[in-house]
Structure formats: C-alpha cells, structure tokens
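One structure below.
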Amino acid sequence: MSFLSCEARNRIGKENQLLKLSLLLDWKRIGSLLNGLYLYEINGKGGQKPYDSLKMFKALLLGQWHDLSDLKLEESLRVRLDFMMFTGLEDDVPDETTLCRFRNRLIDEDLDVELFDEVNRQLEELGLKVEECKGAVVDATIIESAARPNKVVKPMPDDREEDAGKDAPKNEIEYSKDPDARWLKKGKRYHFGYKAYIATDSEDGFIENMHLTPANESEMGNLENALGNTHPERVYADKGYASKKNRDSLKSRGIKDGIMSKAVRGKPLTKREKVRNKLLSKVRFIVEQAFGTLKRRFKAGRARYIGIKKVTAEFRFKAICFNLLKAVNKVKLA
C-alpha cells in the first residue's frame with residue numbers, strides 16, 4: 001500500500017461510503033466480466049495499453065453516484081482522495097474522452113445488464129438483499145430527454161391511456177437530437193423523453209429489474225418487461241396495469257395478483273375492491289421511495305445521454321448505485 005493510500009484511508013475515515021463499498025463486493029468477480037473488453041487484453045496487440053477495465057468501471061460508477069459529467073469526473077479523479085482510493089487511479093487518470101469511449105464500449109457489449117445482475121447476486125450472497133423476494137412492487141416514472149425539442153406536436157397520448165401504444169399517433173420529432181424520445185401528456189404538463197420501469201422487492205426496496213421505453217408507450221403493456229426474469233410470490237402494481245392480460249400472465253407464472261382494481265364506465269368499484277386497493281396502496285410506497293432516491297440522490301429525472309440504448313444503460317448504472325447505497329448503509333465496518 002502506497003503512502004498516499006495509507007494517508008487517504010486515515011483522512012476519509014472507515015465510515016466513508018466509498019471505502020465501505022470498496023470492501024463490500026468481490027471486485028475480482030466483477031472484473032472478470034470485463035476481461036477481453038479490449039483486444040490488447042487478449043493478445044497484447046491492438047495499440048496502446050488501455051486503462052484497467054475494473055478501475056474504469058469503478059470510475060463510471062462514481063460518475064453516476066455523484067451525477068458528474070465526464071469532464072467533472074476527470075477533475076474529481078485527480079483531486080478527491082476517496083475517488084483515488086475507490087478506483088485505484090492514483091497516478092495516471094483517464095481524460096473525459098477515454099471515459100466516454102469506455103462507457104460506450106460497455107454499452108455496445110451489453111455489459112451493463114451483466115454487471116447489474118452480478119452486483120445483485122453478490123448482495124444476495126452477503127445477506128444484504130433477499131434472494132427470492134416475497135413481493136415485487138412495479139411502477140414507472142418519466143425521464144426527461146437530454147435533448148430539448150424545438151416544438152411540441154399534438155395530439156399526444158395522455159399518461160396511462162390504454163390505447164397509447166404502438167397504434168398511438170406518432171409525433172414529429174425530426175428537430176430533436178434524440179430520435180428515440182417521445183412526447184407524453186401527464187396531467188397538465190407535457191414531457192419529452194422516456195418512461196423508466198422498476199420492480200423493487202417489497203421488503204427492503206432493492207431494485208430487482210428495470211426496463212425503459214419511449215415516454216408514450218402504455219404502462220399496461222409493459223408489466224412483463226418490468227418484471228423480467230424475477231419470480232416473486234406476488235406482484236403489486238397500481239391500476240395503470242389493470243388488465244385481463246396482465247392478470248392472466250401473472251396467473252400463468254404462478255404469481256399472486258396484487259394489481260389494484262380499476263373502475264370502468266358504468267361499473268364503479270365495489271366496497272370490497274376499494275378496501276383491497278387501500279391495502280395494496282400501503283405496500284406500494286416502497287417503489288415511490290425508490291424513485292424519490294433515484295431522482296434526488298442520483299439525478300435520474302433527466303437523462304444525460306442521447307438514444308434509448310444509452311439512456312437505458314445510464315438508468316441501469318444508477319440502479320446499481322441505488323442498490324449499493326442501500327447495502328453500504330446496512331454495513332458496519334469493524
């Protein structure tokens with residue numbers, strides 16, 4: 001251990017979140033997922049020796065943890081002791097262009113998915129996160145596009161319209177730099193961007209799975225995508241997901257139905273359905289807390305990048321940070 005490392009450890013203290021995080025996970029396992037990302041790592045060829053992929057991934061996590069641009073991340077890696085300790089980048093720091101290219105390489109290889117799954121596996125093994133959650137709470141939130149459109153084109157779908165899916169009127173967005181973002185009217189406000197779905201466990205609120213679509217896609221048609229490969233005992237969701245198809249889908253997977261009931265024209269809710277909705281709503285607060293933390297702490301309310309693939313990866317990295325934050329807050333170092 002270098003003199004800088006020893007001094008940094010003494011200064012930042014053992015309760016520092018990044019120090020806890022550096023000791024929490026088996027980073028070698030995470031690093032193994034990144035092996036072969038560069039040709040140089042395979043056969044020593046392919047140009048200049050790249051930065052260590054694990055150190056670079058740790059740096060990208062810090063960028064999401066603190067909502068830093070690549071330039072601000074580069075600056076922080078040079079001056080912050082906790083950043084140096086966490087990443088191991090003490091002497092030679094990558095510039096903003098190198099950080100950007102590394103992130104794009106991760107995304108192109110779909111490694112954001114594997115990294116998210118590996119972090120969750122390790123948290124389960126450490127007993128910080130339940131392996132098979134008894135309940136999964138599903139909901140969605142809007143992420144504003146990083147690109148500001150030059151005009152609003154109407155008509156556009158209202159949030160949770162049942163027919164606001166593939167057959168909904170398509171809006172012209174040729175003047176926007178973001179080709180995948182779409183318009184959505186929610187209440188009296190118009191939003192241009194994406195809709196992010198998460199499924200959290202109903203006990204501790206860890207994010208089990210996430211999914212992202214253009215903002216105008218209906219929530220009703222994305223319940224299965226939000227759940228992914230998770231298999232909870234029961235799924236909790238609000239009335240925006242209430243449909244026969246979704247209830248039948250849960251039944252076919254052996255999952256209990258916790259979707260709230262929705263009144264339709266000429267058929268108001270019964271007293272029993274109202275009581276059931278009230279009970280289910282008490283469980284759903286945990287997913288609202290998750291979105292609150294994602295937006296306040298990790299600034300997930302507005303994308304930093306352009307295009308659905310990059311925005312999806314960005315949100316998944318923030319979901320990793322969210323789960324790690326919950327984990328480190330549970331840990332006490334000896």
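Across the alpha-carbon atoms of the chain, the computed radius of gyration and Dmax are 21.7, 75 angstrom. Say the cut-off is 32 Å between C-alpha atoms; which of K244/K326; K72/K326; K72/K332; K20/K177; K55/K239 go over it? Violating the 32 Å limit, Cα to Cα: K244/K326; K20/K177; K55/K239.
Across the protein chains, with a 1.4 Å probe defining accessible surface, the residues H191, H211 rank H211, H191 from largest area downward.
Ignoring aspartates and glutamates fewer than eight residues from K274 along the same chain, the ones with Cα atoms less than 15 angstrom from its Cα are D238.
Of K245/K271; K58/K188; K28/K310, which sit over 32 Å apart, Cα to Cα? Among K245/K271; K58/K188; K28/K310, the Cα-Cα distance tops 32 Å for K58/K188.
Across q = 0.14 Å⁻¹, region 236-311 modelled as identical point scatterers on its alpha-carbon atoms has Debye log10 I(q)/I(0) values of -0.67, in the order of the q list.
Counting only protein heavy atoms and a 1.4 Å probe, the chain has 51 square angstrom of accessible area per residue. Among the listed pairs K262/K299; K185/K295; K278/K318; K186/K262, a Cα-Cα separation exceeding 26 Å is found for K262/K299; K278/K318. The distance linking region 84-132 with region 223-251 is 29 Å (Cα centroid to Cα centroid, whole angstrom).
Taking only protein heavy atoms and a 1.4 Å probe, the accessible area of the chain is 49% carbon and sulfur. Go ahead and set up a Gaussian network model of the chain, Cα springs under 10 Å, then flag whichever of N246, N229, N216 fluctuates most. In this elastic network of the chain, the residue with the biggest mean-square fluctuation among N246, N229, N216 is N229.
The values are calculated or read from the model by the stated rules, or taken from the named source; none is laboratory data. Computed from a predicted structure; not experimentally measured. Only protein heavy atoms, including side chains, enter the accessible area calculation; ligands, DNA and RNA are left aside. Shrake-Rupley method; radii C 1.70, N 1.55, O 1.52, S 1.80 Å.
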